[in-house]
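What follows is a single structure, written as structure tokens, with notes after it.
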Amino acid sequence: MQMSLWLIRRIGLALAVVLGIAPLVVAEDASIDKLLSKLPPPEKLAKSPVQRALQQPDPAFKDPLGRQTVVAVLMRNYPQALVLSRKLTERYPRSSAAYCVRGALGLGQRQFAEASSSFHTAANIQPHSALAYWGLASVEGAQRRFGAAVPYLHRVAELEPKSFLPYYALSGCAGQLGNKEESLQYAKKATALAPSVVFTWIQLARAERALGHAQGTLDAIAKAAEVSPDSAAMLAVVGYSYINLNQVPQAIPPLQRAARLAPRDYLVQSQLGYCLMTTGQVDAGISYLRKGSSLNPKYGPVWEHLGLAYQEKGNHGDAVKAFERATQLMPNRRPAWQHLAEEYRAVGRMQDAQGAAARAQSLPAPKTNSANKKA
């Protein structure tokens, strides 16, 4: 059943690489987007409303009709379960749990009016039912009425003060409504209540990022990686974030671990190679850059960085080949042509050098990193 409290929008962190070298950022955005898009709606982190309601000691579910409803749910025959739940609420009109089941099943079938009415009835029968208010918030969120969901989530937080879920959801709703500071404060509350839940830290990173807090974003992502130490994607994002903050040496340890966990991730291998190269570990950098280029031969930036590494080593023949490949894949990138012209001169190919230099001059100069850099 799809019972989303809010629809996660993909948020990209446009990372820029520093030190005047061609950025490996084009594919990073997709990688970070993929990570942040995995943020689950809060009801995916909570026990299903149907399960919670069925587990309550309620006479309705001892009735044969109630047991039939349970069986239909377990068999995932949700349309039949909804029909049975309607009959169950008619037979037990004072059962808050029965109405919660009916509301959750209605929401799953996108019968929003019936779901809302059922959860309202459940709340009227049992005013202290956090489940009923959670259901009402879910109904509003599923229809993207985030403002309408907020009061219900506040009520859930009052009834279940130790639960991180309402604050996680409130942060998401506030973000959707453009209330960035509120989103941040709710996310901080969620992390305080559930410091070992990785998704609370990712939500905090999103909230920090929305406010342009680069260091805060990095701190939250680093914490997410700390509580999920075997997540290559998380470690990679930590590394990318350090690069974005011009802290390339600090990017190396998380990227090294990510590279071990994801040996066939071309972007991780390429980024690690770039970082090693720019910190003077040229041989190690070449090793990872070559692996990145073999995993994805069509990824242009890795060839430019490989060319720079060979250039640093004085290996002009291999540098020429790498820069030629880079210009083939990125024909409109001026620095690649400039580097190729330099290497053509180094190997005595003066006519080719003139052609590459002319090509470079015909292309616009890249913007500076300071102008392009984003949190």
So SER370 clears everything in (1) under 29 Å from GLN256 (Cβ atoms); (2) of a type outside the set (A, V, I, L, M, F, W, C); (3) modelled with pLDDT of 95 or more; (4) assigned to a helix (DSSP H, G or I) except one condition, right? Which one?
-> (3)
Assess whether ILE243 counts as being hydrophobic (A, V, I, L, M, F, W, C) and crowded, with 24+ Cβ neighbours inside 10 Å.
-> yes
Return yes or no: is ALA132 crowded, with 22+ Cβ neighbours inside 10 Å, within 24 Å of ASP58 (Cβ to Cβ) and touching a residue at least 12 places away in the same chain (Cβ under 8 Å)?
-> yes
Specify which of the listed residues (ASP318, ASP352) is out of contact with any Lys or Arg (no Cβ under 6 Å at 6 or more places or on another chain), over 30 Å from ALA259 (Cβ atoms) and assigned to a helix (DSSP H, G or I).
-> ASP352
Residues that are small (Gly, Ala, Ser) and buried (at least 22 other Cβ atoms within 10 Å of the Cβ), drawn from segment 140-156 | GLY141, ALA142, ALA149
When you scan segment 293-315, how many residues do you find that are assigned to a loop (DSSP other than H, G, I, E, B) and touching a residue at least 40 places away in the same chain (Cβ under 8 Å)?
-> 1
Do we find a residue being closer than 30 Å to GLY216 by Cβ and more than 22 Å from the chain's Cα centre (by Cα) anywhere in segment 249-260?
-> yes
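The values are calculated or read from the model by the stated rules, or taken from the named source; none is laboratory data. Treat the numbers as computed from the prediction; the structure is a model and nothing was measured. Cβ sites come from the backbone with ideal geometry, for glycine too, and all protein chains shown count toward neighbours.
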